[in-house]
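The next block holds one structure in the form of structure tokens; read it before the comments.
The values are calculated or read from the model by the stated rules, or taken from the named source; none is laboratory data. Here the structure is a predicted model, which means the values were calculated and not measured. Here the Cβ positions follow ideal geometry from the backbone for every residue, glycine too, while neighbour counts run over all protein chains shown.
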Amino acid sequence: MRPLSNLWTRVFEAAGGENLVVLACTEVLLLALVVTNEEAAPVGLQINWSKTKIQQIGNPPSTKNAVAVCNANVEFAESFLYLGSE
């Protein structure tokens, strides 16, 4: 198992296995998504790529509509509504 295994197990438990927000630079975020996907698979969990979005904060704004992660396109979102709160 990867050294991050215990960390991601704690992250999944804290997130209740459903909703997770990760704040990171783009390169670290993409790596975190790949590792999360790999760590989730052995315990029967999977990322719902159609619901996974990236919101960029700061400058310069991304000119891309999506990035490829684990053979899936993850879209950029302009806004974010956490668990239905307003």
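For P61, indicate whether it is over 10 Å from the mean Cα position of the chain (by Cα), modelled with pLDDT of 75 or more and either in a loop (DSSP other than H, G, I, E, B) or not charged (D, E, K, R) (or both).
On the way: over 10 Å from the mean Cα position of the chain (by Cα): yes; modelled with pLDDT of 75 or more: no; either in a loop (DSSP other than H, G, I, E, B) or not charged (D, E, K, R) (or both): yes.
No.
For N48, are the conditions met, namely being surrounded by fewer than 14 Cβ atoms within 10 Å (Cβ to Cβ), modelled with pLDDT of 85 or more and either in contact with a Leu (Cβ under 8 Å, 6 or more places away or on another chain) or in a strand (DSSP E or B) (or both)? Criteria not met by N48.
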